[in-house]
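This report refers to the structure that appears directly beneath it.
The values are calculated or read from the model by the stated rules, or taken from the named source; none is laboratory data. In this text, all values refer to a predicted model and were calculated from it rather than measured experimentally. Cβ placement follows ideal geometry from the backbone for every residue including glycine, while neighbour counts extend to all protein chains displayed.
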Amino acid sequence: MEEKKKIEKEKKEAPIRDLTTCEATAQMLEKARRDGVETQFDRALNMKACPIGADSACCKHCAMGPCRLNANDPYGKVGVCGANIDTIQSRNFARMVAAGTACHNDHGMAMLNIFRDVVNGEIKDYAIKDVAKLESVATSIGIAIEGRTTKEIALDLYDALEKTYTQVEGEIPFAKRVPAKTLELWRKHNIVPRGAMREIMEMMSRTHMGVDQDYNNIMKQISRTALVDGWGGSMVATEIGDIMFGTPSPVTIEVNMGVLKEDQVNIIVHGHEPNLFESMLMSVKEPTLVKAAKEAGAKGINLVGMCCSGLEVLSRHGVPHAGNFSSTEPILVTGAVDAMAVDIQCIQQGLVKVAECYGTPLFTTNPRCKIEGATHLELHEHNPQECTDGIVIKAITRFKNRKFPVQIPKNVNFGVHGFSHEYINYMLGGSFRGSYTPLNDNIINGRIRGVAGVVGCTNPRVKQDWVHVELVKELIKNDILVVQTGCSQIALAKAGLTTPEAAHLAGPGLKEVCETVGMPPVLGLGACVDNSRVLIACAEMVKTGGLGDSIADLPVAGCAPEYMSEKAIAIGQYFVASGVYTVFGVTFPITKGTKFEKLLFEGLETQGFGKWGFAVDPHDIARLMIAHIDKKRKALGLDKGRERVLMDMQDRRAIDAA
Ligand code: SF4
Ligand code: MSK
């Protein structure tokens with residue numbers, strides 16, 4: 001017992017600087033310890049990950065089990081039904097992809113439903129803000145726009161995109177955007193997605209006990225399901241979001257916990273769907289509410305974003321961003337948050353307790369995401385401000401009666417964000433000849449070695465932000481242009497690498513390009529659904545020419561170095577199935593030394609797709625990604641025998657001083 005207590009104490013006293021490189025989060029974790037408040041970092045220390053689950057060597061798909069196989073001797077045993085390790089782990093992996101795909105499609109379908117009601121005039125609070133984007137999306141899937149009204153085009157677009165979810169047979173609409181050779185490969189393997197509902201249903205059915213028990217066959221449905229995420233639900237969410245709320249273009253934004261203001265009513269919106277934030281923006285400007293805040297003694301109402309909700313609005317509206325996933329509990333420790341409103345996805349149940357400790361009202365707003373102990377104030381799209389006004393009123397009351405001492409970290413970083421696919425086109429080619437030609441040319445001439453997508457979550461199983469930042473520094477140093485989404489983007493923003501000035505940390509070729517264009521070496525594209533923008537950029541690079549015929553030919557690679565969610569696994573798989581080498585960190589949910597592992601890490605590439613990679617250390621990840629990019633350059637005849645540049649002490653000092 002004494003020994004157990006000693007271990008617990010040691011865990012609780014793990015040095016905070018080993019848990020995060022985010023200075024503001026570290027300060028709040030120190031305060032949380034003083035206040036006796038627990039966060040995900042403490043829970044991770046106190047929760048030993050189940051090794052059998054981590055290796056995906058267990059199955060609980062029926063009541064003859066649960067069955068667990070020995071990851072050290074994966075073929076030594078089978079489940080009660082006879083299922084072998086490849087069946088068990090491919091089914092488990094498949095269900096992660098199905099869950100992640102379901103999340104993004106659920107989000108996209110909700111956006112599409114709002115769009116339909118906006119077009120029909122039933123929702124008045126939102127509108128079609130970007131008609132040019134509406135027309136370009138419609139054109140991309142063959143809808144005529146000439147001589148037609150916005151409403152006619154929008155109704156046709158709704159009808160077409162609804163098929164992304166409901167279509168029983170036939171290819172999803174955005175399959176039309178896939179480069180011909182990539183699409184041909186998908187057709188050959190029969191993995192072009194039908195509708196998301198069909199694919200997810202089939203995935204769940206095939207992974208039931210006693211159905212599909214050939215890991216190669218399960219793999220095909222894994223890819224088809226993931227593709228209806230990237231080229232389906234996620235892409236619809238991005239495109240409809242842009243059409244209704246505006247396509248992002250770069251703005252300089254403040255990031256980090258220092259965006260909270262002690263003398264103002266602070267409201268945080270956290271989650272994923274942009275409509276909650278859009279309505280909250282209207283509420284915080286409502287003259288009667290601003291007046292009420294002032295009467296309560298506040299200088300104003302300060303609205304800030306977190307996680308992916310924040311990324312949706314940071315460039316559309318210039319709303320400051322307070323931090324990524326792992327900072328959502330620590331920020332409540334400031335005592336300065338007067339209300340937190342959440343919608344769906346990545347909302348930790350642990351928020352309830354932390355919010356309670358600091359008297360912060362926590363509001364759930366979506367019928368698909370209620371949390372025991374949080375106040376549910378539902379947002380109805382037909383009258384959304386009823387909900388958001390109500391939250392602002394509660395926040396003002398909390399400000400007036402603040403009981404807890406306020407301690408806001410001073411950290412504020414500035415970064416340029418909002419590089420939509422459309423803006424990259426314009427930025428590189430100019431308004432009259434917008435194109436990806438300059439990007440392709442600079443890849444061909446070797447100034448830019450390749451492009452890397454560094455995306456995804458933070459995870460308390462590794463030091464927060466550290467892997468993201470170290471990895472990106474090494475990639476840009478090696479002339480690799482980095483595009484980003486999700487919580488990773490905020491990690492780099494806090495590290496100051498999303499400014500044009502960060503170009504001095506890049507290799508000579510990338511630096512020259514960044515300085516000529518005036519862009520950062522790290523381009524933030526948005527929320528996690530906006531990985532679809534990366535797919536569109538890849539398709540555009542193929543279309544522009546000179547870099548092969550399919551996405552698999554491009555000198556590109558992807559990585560989610562601190563991932564935690566099933567959504568991330570779905571994203572990884574749709575990149576792999578689209579042709580991209582994709583490296584994950586932290587842990588990989590499969591058993592080593594198996595045929596299924598070989599399929600994911602080698603076999604898929606042999607079939608013409610991308611493949612998975614895995615490494616935990618950022619420098620190992622960089623090595624894998626750079627080697628892959630060089631391999632693709634060589635295959636394209638662009639190889640000039642470049643050496644990988646390692647950072648020396650002088651470089652590191654320059655980075656630390658930046
Ligand atoms: Fe065990 Fe087979 Fe049932 Fe899975 S499906 S729990 S391996 S008996
Ligand atoms: S919020 S899925 S922690 S990126 Fe999109 Fe961040 Fe990952 Fe959630």
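Observations, loosely collected:
- The stretch 524-570 - residue that is at pLDDT 95 or above and part of a strand (DSSP E or B) and, of those, nearest to ligand 2 (Cβ to nearest atom): 560
- Evaluating residue 267 against the criteria (1) of a type in the set (Val, Ile, Thr); (2) more than 16 Å from ligand 1 (Cβ to nearest atom); (3) under 30 Å from residue 198 (Cα atoms) leaves one unmet condition, (3).
Quick grid of which residues meet (1) buried (at least 16 other Cβ atoms within 10 Å of the Cβ); (2) in contact with a strand residue (DSSP E or B) (Cβ under 7 Å, 6 or more places away or on another chain); (3) at pLDDT 95 or above:
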site: 578; (1), (2), (3): yes, no, yes
site: 584; (1), (2), (3): yes, yes, yes
site: 618; (1), (2), (3): yes, no, yes
site: 646; (1), (2), (3): no, no, no
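- Checking residue 417 against (1) modelled with pLDDT under 95; (2) closer than 27 Å to residue 124 by Cβ; (3) crowded, with 16+ Cβ neighbours inside 10 Å, the condition it does not meet: (2)
- Residue satisfying all of: in the stretch 476-494; assigned to a strand (DSSP E or B) and not β-branched (Val, Ile, Thr); farthest from ligand 1 (Cβ to nearest atom) among these: 481
- Checked across the stretch 82-90, the condition of being part of a helix (DSSP H, G or I), small (Gly, Ala, Ser) and within 30 Å of residue 593 (Cα to Cα) holds for at least one residue.
- Counting the residues of the stretch 297-352 that are more than 11 Å from ligand 2 (Cβ to nearest atom) and in a helix (DSSP H, G or I) gives 12.
- Test: residue in the stretch 617-637 that is assigned to a strand (DSSP E or B) and either within 19 Å of the chain's Cα centre (by Cα) or among the hydroxyl-bearing types (Ser, Thr, Tyr) (or both): no
- Residues in the stretch 55-74 that are loosely packed, with under 15 Cβ neighbours inside 10 Å and either touching a residue at least 12 places away in the same chain (Cβ under 8 Å) or within 12 Å of ligand 1 (Cβ to nearest atom) (or both): 60, 63, 64, 66, 70.
- Remark: pairs (first residue in the stretch 322-339, farther than 15 Å from residue 259 by Cβ; second residue assigned to a loop (DSSP other than H, G, I, E, B) and among the charged types (D, E, K, R); Cβ separation under 8 Å; 6+ apart in sequence or on different chains) = 335/402.
- Leading residue by the ranking (surrounded by the most Cβ atoms within 10 Å (Cβ to Cβ)) among those in the stretch 468-497 that are among the β-branched types (Val, Ile, Thr) and within 16 Å of ligand 2 (Cβ to nearest atom): 490
- Helices (runs of 4 or more DSSP H) completely within the stretch 163-261 that count 2 or more residues being surrounded by fewer than 24 Cβ atoms within 10 Å (Cβ to Cβ) and of a type in the set (S, T, N, Q): 215-228
- Considering 591, 587, the condition of being within 16 Å of ligand 2 (Cβ to nearest atom) and either part of a loop (DSSP other than H, G, I, E, B) or without any contact (Cβ under 8 Å) to a residue 40 or more places away in the chain (or both) is satisfied by 587 alone.
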